[in-house]
1. Being among the charged types (D, E, K, R) and in contact with an Asp or Glu (Cβ under 8 Å, 6 or more places away or on another chain) is the filter here, so list the residues in the range 105-163 that pass it.
2. Being small (G, A, S) and touching a helix residue (DSSP H, G or I) at 6+ places or on another chain (Cβ under 9 Å) is the filter here, so list the residues in the range 8-24 that pass it.
3. Does any residue of the range 157-166 turn out to be in a loop (DSSP other than H, G, I, E, B) and of a type in the set (D, E, K, R)?
4. Please give the strands (runs of 3 or more DSSP E) falling wholly within the range 1-117 in which 1 or more residues are on the phi < 0 side of the Ramachandran plot and free of Cβ contacts under 8 Å to residues at least 40 places away in the same chain.
5. Looking at A37, A22, can you tell me which residue is surrounded by fewer than 16 Cβ atoms within 10 Å (Cβ to Cβ) and out of contact with any strand residue (DSSP E or B) (no Cβ under 6 Å at 6 or more places or on another chain)?
6. Would you mind finding the one in A173, A147 that is more than 19 Å from the chain's Cα centre (by Cα) and in the same structural domain as K289 (by TED's automatic domain parsing)?
7. Would you point out which residue out of A298, A256, A268 is modelled with pLDDT of 95 or more and either closer than 20 Å to L201 by Cα or in contact with a Cys (Cβ under 9 Å, 6 or more places away or on another chain) (or both)?
8. Looking only at the range 167-187, how many residues end up being outside any strand (DSSP E or B) and in contact (Cβ under 8 Å) with a residue 60 or more places away in the chain?
Amino acid sequence: MSGLEVARLDPFDDATFALWHATRAAALEDAVGVAAAQVYDLAETRVQWQEPSDGKERVGYVGRAGGEVVAVGVLVLPQRDNLTKAFVEVAVAPAHQRRGHGRTMLEHVEAAAVAAGRSLLDAEVPWRHEHGTDGTGSRDVAFARAAGFALGLSDVQRWLDVPADAVLLDALAAEAAPHHRGYELRSWVGDVPDELAEGWLVLDASLATEAPTGDIEVEDPDVDVALLRQIEANVARQGRTSFHTVALDAAGTVVAYSMIVHGRSTTAFQWGTLVHRDHRGHRLGTAVKVANHRLLEAERPDVVRVSTWNAEVNDHMIGVNDRMGFRPVSRMGEFQKRLT
């Protein structure tokens with residue numbers, strides 16, 4: 001045993017929550033390098049944990065050794081869909097690794113998942129880009145595999161320096177335009193308009209299974225406009241702003257979208273881009289991404305980069321991102337473990 005003392009996190013205990021957040025951030029920086037370790041800041045994360053509003057129950061754990069916070073745990077339990085699954089995370093402060101603290105914390109989190117009736121665990125494990133597709137050489141990947149998790153999908157994080165090349169964006173938009181005649185592009189800042197909310201949600205929900213999932217088992221999430229409004233309110237409380245561009249077909253249905261979210265840092269985050277399978281082949285992915293990026297630059301001149309993630313097998317979207325100027329900076333694996 002590592003001697004780790006594990007207690008449930010109280011997100012309203014400001015001092016402990018700050019230590020929990022700092023330990024989590026330090027572990028990520030150690031895993032991928034300081035430059036690529038982009039985490040939501042303390043205030044944003046505190047709101048997320050104090051006012052959960054995305055249909056999930058979040059449970060955090062604090063691990064202490066010698067009275068010092070050295071490890072953290074996360075258990076996320078979907079409440080509306082994927083009810084056999086739980087998302088788990090374990091992180092150990094760099095100076096306290098290789099002492100068994102990670103294993104002790106993981107055992108605690110897994111036991112809590114079992115007690116909640118969950119039998120399938122999801123975990124995301126980040127690593128440096130140079131460790132390659134399967135994370136060979138990553139200490140965290142070795143830990144996950146030793147704990148019985150199997151790699152189901154490899155993702156790559158990419159950055160686009162802002163401002164982007166305006167001439168290049170003009171060329172990409174002009175190249176795509178002849179292919180999507182008959183579609184309307186619409187952009188806005190903030191909440192999804194009422195008249196588009198249902199259609200936007202249906203398309204966004206399909207991202208869970210339409211985007212590459214590899215060997216990861218996943219269900220489409222529930223579609224609920226009321227839940228969307230709760231999530232949007234939470235985003236606003238966190239000090240984040242969302243930027244949207246959609247493509248509408250002749251009937252006014254949302255058939256493609258791109259969404260970026262920006263908080264208080266100089267990094268904006270691409271949350272999703274998807275084209276409905278019946279409307280692919282019209283360069284709508286390029287069209288909505290370029291238009292949304294232009295919207296971001298016009299509204300947020302302080303942003304210096306956009307961060308995005310793509311499954312390594314998603315050749316089409318990677319091709320779009322490469323042409324826009326995105327460059328790889330780190331990797332992440334989506335792992336699963338079935339409990340018996």
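1. Within the range 105-163, the first condition is being among the charged types (D, E, K, R), and the residues that meet it are 107, 110, 118, 122, 124, 128, 130, 134, 139-140, 145, 155, 158, 161.
Scanning the range 105-163 gives D122, E124, D155.
2. At the first step, the residues of the range 8-24 found to be small (G, A, S) are 15, 18, 22.
Passing the criteria: A18, A22.
3. Initial filter on the range 157-166 (in a loop (DSSP other than H, G, I, E, B)): 162-165.
So of that shortlist, the ones also of a type in the set (D, E, K, R) come out as 165.
Checked against the condition, which is being in a loop (DSSP other than H, G, I, E, B) and of a type in the set (D, E, K, R), the range 157-166 yields at least one hit.
4. On the way: elements: 5-8, 56-65, 68-78, 85-92.
Once the strands (runs of 3 or more DSSP E) in the range 1-117 are filtered for at least 1 residues that are on the phi < 0 side of the Ramachandran plot and free of Cβ contacts under 8 Å to residues at least 40 places away in the same chain, what remains is 56-65, 68-78, 85-92.
5. The unique qualifying residue is A22.
6. Values: A147 fails: in the same structural domain as K289 (by TED's automatic domain parsing).
Within the list A173, A147, the selection yields A173.
7. Details: A298 fails: either closer than 20 Å to L201 by Cα or in contact with a Cys (Cβ under 9 Å, 6 or more places away or on another chain) (or both); A268 fails: either closer than 20 Å to L201 by Cα or in contact with a Cys (Cβ under 9 Å, 6 or more places away or on another chain) (or both).
That would be A256, the only listed residue that is modelled with pLDDT of 95 or more and either closer than 20 Å to L201 by Cα or in contact with a Cys (Cβ under 9 Å, 6 or more places away or on another chain) (or both).
8. Taking the range 167-187 as the starting set, the residues that turn out to be outside any strand (DSSP E or B) are 167-183.
This time we only want the ones that are in contact (Cβ under 8 Å) with a residue 60 or more places away in the chain, so: 168-169, 172-173, 175-177, 179-180, 182-183.
Within the range 167-187, residues that are outside any strand (DSSP E or B) and in contact (Cβ under 8 Å) with a residue 60 or more places away in the chain number 11.
The values are calculated or read from the model by the stated rules, or taken from the named source; none is laboratory data. Note that the coordinates shown come from a computational prediction; the quantities given were computed from them, not determined experimentally. Methodologically, a virtual Cβ is constructed for each residue, glycine included, from the backbone with ideal geometry; neighbour enumeration extends over all protein chains shown.
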